[in-house]
Amino acid sequence: MAKNSLFAILLRSPWWISFTVVIVFALASAALLPPQYVVFGLMGAIPFFVIGCIAAWRQMQAPSARTVEHTLERAAAMPWREFRDTLEQAYQAQGFTVTRLDGQAADLQLTRGAQTTLVAARRWKAASHGVEPLRALDKARQARDASHGVYVTLGEVNDTTRRFAEKNAIALVNGVGLVQLLGKRP
């Protein structure tokens, strides 16, 4: 789905907005269409109803702001080895086989089926994250013939770094995404 399509925007918006669109669609169908065609007009609201249900489900499953803040504070207080072990457990809970790496560019190798992902997390506490660590991760990903890369950080990254990550199959895991990942430990 395109990042700025109507449905993608609605998925990121509060759930009630999609349901408001459904109600407006239903009212407009009832007001503007002949009675025998109202049912067909209402069918146009079905995708918005589905998107509203998906958005509501995601928002109910998302951690609260307090949980996010508390988990990120705990992660920031962890030493590297404890944080790495926590990440390892979280990825294993998702069904990955996790291998520790000693290189500077990547810290973990995740394998599930025929797919391999490299994870760089050593700089998770850094105040700023430029393109260089991601460039090194991308080189390591290509050298190991991994299909994806994951860069873990507590903070946000700048737009240049985000564009580089999108262009090179590197997922940025931070904020709520990191909290959701860490919450999947056994």
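The values are calculated or read from the model by the stated rules, or taken from the named source; none is laboratory data. Since this is a predicted model, take the numbers as computed values, not measurements. Virtual Cβ from ideal backbone geometry, glycine too; neighbours counted across all protein chains shown.
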Does any residue in the range 20-31 that is part of a helix (DSSP H, G or I) come within less than 7 Å, Cβ to Cβ, of a residue that is among the charged types (D, E, K, R) and modelled with pLDDT under 95 six or more places away or on a different chain, and which pairs are these? none
Mind checking which residues of the range 138-153 are surrounded by 20 or more Cβ atoms within 10 Å (Cβ to Cβ) and either under 22 Å from Glu82 (Cβ atoms) or of a type in the set (Ser, Thr, Tyr) (or both)? Val150, Tyr151, Val152, Thr153
Select, from Ala106, Ala121, Ala140, Ala136, the only residue that is closer than 16 Å to Gln180 by Cβ and in contact (Cβ under 8 Å) with a residue 24 or more places away in the chain. Ala121
Filter the range 77-87 for residues that are more than 20 Å from the chain's Cα centre (by Cα) and among the aliphatic types (A, V, I, L, M); which is farthest from Gln115 (Cα to Cα)? Ala77
Condition set farther than 24 Å from Ala8 by Cα and surrounded by 14 or more Cβ atoms within 10 Å (Cβ to Cβ), scope the range 30-52, selection nearest to the chain's Cα centre (by Cα): answer is Val38
Criterion: surrounded by 13 or more Cβ atoms within 10 Å (Cβ to Cβ) and in contact with a Leu (Cβ under 6 Å, 6 or more places away or on another chain) - qualifying residue of Ala90, Ala76: Ala90
Determine which member of the set Gln61, Gln92 is touching a Pro at 6+ places or on another chain (Cβ under 8 Å) and either in the same structural domain as Trp15 (by TED's automatic domain parsing) or closer than 17 Å to Gly183 by Cα (or both). Gln92
Every residue from the range 88-122 that is under 19 Å from the mean Cα position of the chain (by Cα) and assigned to a loop (DSSP other than H, G, I, E, B): Gln94, Gly95, Phe96, Ala121
